[in-house]
Amino acid sequence: MCGIAGAIGEVDRTITEAVQRMSAAQLHRGPDSSGFWTSCPPAGGNGVVLAHRRLAIIDLSEDGRQPMTDPETGNVVVFNGEIYNFQSLRRELEREGASFRSRSDTEVILKAYGRWGAECVDRLRGMFAFALWDSGRRKLLLARDRLGIKPIYVCSVVRPGRARTLLFASEVRALLASDLLDREVDPVALASYVWNGFVVGPGAIVRGIEMLPPATCAIAASDGAMTAPRRYWRIPVDPSPAAGKEELQAELSAAVDMHLVSDVPLGIFLSGGIDSSAIAALAVRTGTARVRTFHIGFDEPACDESPHARAVARALGTEHHELRLTQETFRRELPEALASLDQPTFDGINTYFVSRAVREAGLTVALAGTGGDELFGGYQSFRDVPWAARWSRRLSAFPPRLSRRVADAVTRAASLRAALPPQTRWGKLGDVLAARGELLDTYQVSYALFSSDFARQLLKRDANGELHMGLPTKIAQELGELIAGKRPLPAISMLELWCFLGERLLRDTDAASMASSLEVRVPFLDHEVVSATSALAERDRFEPLGQKRILRELALSDLDGALFDRPKSGFVLPIGDWARDALKEEMSAALGDPGFCEPAGLDARAVRRLWSAFLARAPGLYWSRIWAVYVLGWWCRTHRVSVR
């Protein structure tokens, strides 16, 4: 796990120094060592610069340092992530005559490219983002893993009187550290953020920066021009014939086994729920002598799952560690938590606090149960979205104006005497009806932070013409085509994997965990596990809905089922309570200040109304709404990014 940065195109001293700043800005991603390499002569011209920050996980020796050069080809790579099948690939390459100097998975990428070219990415099983300079062809290959676990951002810079240079890095903030970009809020990204609580890619909150999409490769030429990304993998849809549970069991066991390979201390996040417990149970089955589990609890009983995690750990026989997060600690360390966010998001700081605590306990790697809900129907969306879409479709026969009038009347009735109309369910009824039964549109409305009406009030500039239901128009079209004709549950799973997981949860996890120099691994998102899951019969995969019975059968059959017979509760910080208590004074000052809101593109009057309604405990106004607004203003102010 590392941080990568670099440039290709016109390279001179200004660019070289910019890349050095970009790399320094990612020190937290790789505190163990750093490396720098350039192909450009001192006088300047077209060339490439590669920089690397190392968090040593596999092969801790100097042989594993990057940028790494293949002496046979002259190719050079900087790599962030883990290749879990690197040992089997190495054996295959050795049989074909390759020789290795290190034990690292980085060198396997170099040799695989030398043998198979860009198609080598099809053989990689892992989480990765890398840039590989082909010295013979003078081209740079940029590649990202299938599910988008590891990020890579790019931007093109044209300086006055100069040719083009393409910059890339693991983080948006690293690109900002180049000091070669205008720090301007992208209006489409801003509108997407207000709708979703995070920015839907490929754009970023800063104009001109884009993320390379998951499961894609792109080629950058020596003049800095980049080809359109080529997708090399898609989530399997409607495989036939359906696969059995045995195949999924084999892939799950293999994935967990490979994810446990590490030359540094490793543990498992254990919430006590089905997903993390399944990962811990599979780890115990591998026969690993010492399985360490970690849990973070709260003083607030409604949010504390410590007894459940403790019971599961006892049943599995793991070495369990219980950590606690108090309101006082949260308040004291909130600045560092917010500083961990690479882009504005209403989520993420929960992962920061867990990661920081686990890192301080001596670990460098942690496994998490991320992906179980998305794959096996654990969220309420699997039940609610198809239901809402059916009713919306039935009512679509009514004229849109009439439907909107009825919805507005219901909203007014629901918000009688409230400081602000509810921003859930009844408050978004008009938007649900406007979806006209389309599954994607209904899904987006169900996850929207605000009604479309109040979202427009929050934004000083309307960019919704370039969005469809909170998604960039092109992305909405692609997703619509992806799920067209699919049955509701597999379609919802694909949307959860693409939107909620790929655009929010994985990005937040990467940034927040790496801020503490902790590598988080997610075995459920091994692409072979995802493929095996997608091949299951629908009844085996999802039924009974919300219970994830198949995970209980495959991983938790040796445990008492009563350990998991309770309502689902995710890992959520009690921010709503804390915002009205320890954080009230600070948040009131910020959210009441036009100088805090308006540079971020928010209407100060609408923000004040929202904050007042939240403090008054208006119905249908959850903490995530006000927190998203606060984080956006904080992030833009801290990073000097503003609307123009």
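Structural remarks
- Residues satisfying the stated conditions in the range 436-465, i.e. at pLDDT below 85 and farther than 18 Å from L632 by Cβ: G465
- Test for R123: is it buried (at least 24 other Cβ atoms within 10 Å of the Cβ), in the same structural domain as R29 (by TED's automatic domain parsing), modelled with pLDDT of 95 or more and over 20 Å from Q66 (Cβ atoms): no
- When restricted to residues that are basic (K, R) and either modelled with pLDDT under 90 or over 24 Å from R549 (Cβ atoms) (or both), the range 257-309 contains 2.
- Of the helices (runs of 4 or more DSSP H) lying entirely inside the range 357-432, those carrying at least 2 residues that are modelled with pLDDT under 85, on the phi < 0 side of the Ramachandran plot and surrounded by fewer than 17 Cβ atoms within 10 Å (Cβ to Cβ) are 400-414.
- Scope the range 50-75; condition modelled with pLDDT of 95 or more, part of a loop (DSSP other than H, G, I, E, B) and closer than 21 Å to R21 by Cα; matching residues: P67
- Counting the residues of the range 535-547 that are in contact (Cβ under 8 Å) with a residue 12 or more places away in the chain and surrounded by fewer than 21 Cβ atoms within 10 Å (Cβ to Cβ) gives 6.
- The set of residues in the range 1-38 that are of a type outside the set (A, V, I, L, M), within 26 Å of the chain's Cα centre (by Cα) and in a strand (DSSP E or B) comprises C2, G3, G6, P31, S33, S34.
- Exactly one residue among N75, N85 is of a type in the set (S, T, N, Q) and within 13 Å of F128 (Cα to Cα), and that residue is N85.
- Odd one out for G485, checked against (1) in contact (Cβ under 8 Å) with a residue 24 or more places away in the chain; (2) surrounded by fewer than 21 Cβ atoms within 10 Å (Cβ to Cβ); (3) not in a helix (DSSP H, G or I): (1)
- Unique match (being within 25 Å of L449 (Cβ to Cβ), within 13 Å of the chain's Cα centre (by Cα) and of a type in the set (A, V, I, L, M)) among L334, L341: L341
- Verdict on S531 being hydroxyl-bearing (S, T, Y), buried (at least 23 other Cβ atoms within 10 Å of the Cβ) and part of a helix (DSSP H, G or I): no
- Selected residue (criterion: modelled with the highest pLDDT) from residues of the range 344-356 that are among the polar types (S, T, N, Q) and within 13 Å of the chain's Cα centre (by Cα): T345
- Residues (more than 18 Å from M127 (Cβ to Cβ) and buried (at least 16 other Cβ atoms within 10 Å of the Cβ)) located in the range 283-302: V284, V291, R292, T293, F294, H295, I296, G297, F298
- Matching residues, the range 198-224, being touching a helix residue (DSSP H, G or I) at 6+ places or on another chain (Cβ under 8 Å) and more than 25 Å from D182 (Cβ to Cβ): P214, C217, I219
- Filtering the range 441-475 to residues that are buried (at least 18 other Cβ atoms within 10 Å of the Cβ), not small (G, A, S) and not in a helix (DSSP H, G or I) leaves L449, F450, L459, L467, H468, M469, L471, P472.
- Here the range 195-225 is the region considered, the condition is being among the charged types (D, E, K, R) and out of contact with any Cys (no Cβ under 8 Å at 6 or more places or on another chain), and the residue that is surrounded by the fewest Cβ atoms within 10 Å (Cβ to Cβ) is D223.
Conditions tested, residue by residue: (1) more than 23 Å from the chain's Cα centre (by Cα); (2) of a type in the set (D, E).
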residue: G267; (1), (2): no, no
residue: S271; (1), (2): no, no
residue: A280; (1), (2): no, no
residue: A283; (1), (2): yes, no
residue: R292; (1), (2): yes, no
residue: E300; (1), (2): yes, yes
residue: H308; (1), (2): yes, no
residue: A313; (1), (2): yes, no
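Here's the yes/no breakdown for (1) among the hydroxyl-bearing types (S, T, Y); (2) touching a residue at least 12 places away in the same chain (Cβ under 8 Å); (3) over 30 Å from C597 (Cα atoms):
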{"residue": "L260", "(1), (2), (3)": "no, yes, yes"}
{"residue": "S271", "(1), (2), (3)": "yes, yes, yes"}
{"residue": "E305", "(1), (2), (3)": "no, yes, yes"}
{"residue": "L341", "(1), (2), (3)": "no, yes, no"}
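- None of V629, V607 is assigned to a helix (DSSP H, G or I), β-branched (V, I, T) and within 16 Å of P422 (Cα to Cα) except V607.
- Subset of the range 552-570 (residues that are at pLDDT 80 or above and farther than 17 Å from F542 by Cα): S557, D558, L559, D560, G561, A562, L563
- Qualifying residue in the range 82-89 (condition: in a loop (DSSP other than H, G, I, E, B) and over 30 Å from A512 (Cα atoms)): no
- Members of the range 453-479 that are without any contact (Cβ under 8 Å) to a residue 60 or more places away in the chain and touching a Phe, Trp or Tyr at 6+ places or on another chain (Cβ under 8 Å): L479
- Filter pass, I550 being in contact (Cβ under 8 Å) with a residue 60 or more places away in the chain, under 30 Å from F382 (Cβ atoms) and of a type in the set (V, I, T): yes
The values are calculated or read from the model by the stated rules, or taken from the named source; none is laboratory data. Quick caveat, the model's predicted, so the values are computed rather than measured. For neighbour counting, all protein chains shown are included, and Cβ atoms are generated from backbone atoms with ideal geometry for every residue, glycine included.
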